[in-house]
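Everything below concerns the one structure shown next.
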């Protein structure tokens, strides 16, 4: 077993809590993100039966006799449920007749609600826990509580860092896929990441839809990596595809957890804001491999360090939102004046934290332009504005505005100040 398989996951506590009071629990996320390991660890502590729908014999049995396949007095664990979505009707019938919590633990590698032939089976009966690839805190054994800390402390949050710019580049190209993290040889890691994308397109994307232009889909993936953390526009001529087809392909890549779309944020602040989402890769290692970037080349002048680092930061925030106590939504902001904020975190009380990401080890006052725009228009709802950068110390740049090392994302806890 690889060392990375043994790393504890933040999601385990969420799944354990859900099994205590919910009939069906789904662990959903990218392939090779650790779902099978997680559910195996959880099931090992209780009586359970396990099925794997990636195995032909299990899949054939499920199709032949769905009701018998899901029948169990113990916890029934089913891997890759999207392979036989017809099982959800049998599971619904089972939990309706016996509503005990903790009856089924499922895993999936595509957004189940997006499956074209999914029966409307389990509303009100199922809780979904989203599992991402490893966070930096899971890899390092550090707190991973930045979102809770920044909403609690606002501009009072402080962080000093020993992480170098070169180390940030190494983290970006490594990413968090468990198999990639376990490989110390960058070439072997790259081979895994290339084969991962190929298999995802060949199997999972084609399960969801008929793809007429597979070579163009691969080119689209490369273009999305090159435009990491930007909106998807102007790709039609380069791909020889129509905009509706490109939008459909982007949605498919989102549904299989290769990419994530970050929505545009607006609160009628006096300037028309875009609703167009921007796209990041679920794993920065995959994006870096698509661009043939390693930790050394990423630091060269002209390399796409800025875009990849922004995508890396946004994906770390998205991971953390799945377990943070603070219930918040991640968006980005861009108005008609082309004023932008890379990340906007808004909690359910309407409080907002704005975040800019800079690959530089120094910060300038003009880097806070977008954050100042938000601050002026939000007033007391603006908690703080941060420029996360590759330097080592927290610096003040005005009222409620700070520059802070990127490593605060995974190194701070809720009591840090």
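A few notes on this one:
- Each DSSP beta bridge with both residues in the chain is either parallel or antiparallel, and the antiparallel ones are about 40%.
- GNM top mover of 148, 380, 335 - the chain, alpha-carbon springs below 10 Å: 380
- Angle in degrees between helix 11-21 and the longest Cα principal axis of the chain, rounded to the nearest 10: 50
- Cβ crowding within 10 Å, taken as a proxy for footprinting-reagent exposure, orders 144, 52 from fewest neighbours to most as 52, 144.
- For the stretch 212-285, diffusion coefficient by Stokes-Einstein and Kirkwood Rh (Cα), 25 °C, 0.890 mPa s, µm²/s: 187
- Maximal additional length on extending the residue 399-residue 361 stretch stands at 11.5 nm, based on 0.36 nm per residue less the C-alpha distance.
- Stokes-Einstein D (µm²/s) once Rh is taken as the Kirkwood radius of the stretch 233-359 over alpha-carbon pairs, at 10 °C in 1.306 mPa s: 98
- Where labels lie 7 Å past Cα in the beta-carbon direction, separation of residue 96 and residue 166 in nm: 6.3
- Across the stretch 1-59, Cα-Cα pairs farther apart than 14 Å form 63% of the total.
- GNM top mover of 174, 158, 59 - the chain, alpha-carbon springs below 10 Å: 59
- Folded to 0 to 90 degrees: helix 186-199 orientation relative to the chain principal axis, Cα: 60
- Area projected by the alpha carbon convex hull of the stretch 3-131, averaged over all directions, nm²: 7.4
- FRET E, pair residue 140, residue 202, Förster distance 30 Å, beta-carbon r, rounded to 0.05: 0.35
- Label zone of residue 380 (point 7 Å out along Cα→Cβ, amide N under 15 Å): in the stretch 327-353 this covers 349-352.
- Extension gain for the segment residue 337 to residue 21, taken as residue separation times 0.36 nm less the Cα-Cα distance, is 108.9 nm to one decimal.
- Degrees, to the nearest 10: 87-97 long Cα axis against longest axis of the chain: 80
- Scattering curve values for the stretch 139-227, log₁₀ I(q)/I(0), Debye with Cα scatterers, q = 0.26 Å⁻¹: -1.33
- Taken over the stretch 181-309, the ratio of Cα radius of gyration to 2.2 N^0.38 Å equals 1.13.
Here, each number is a calculation from the coordinates, and none is a lab measurement. Every value quoted in this text rests on a predicted model; they were computed, and no experiment measured them. Glycine also receives a Cβ, built like all others from the backbone with ideal geometry; neighbour counts cover every protein chain displayed.
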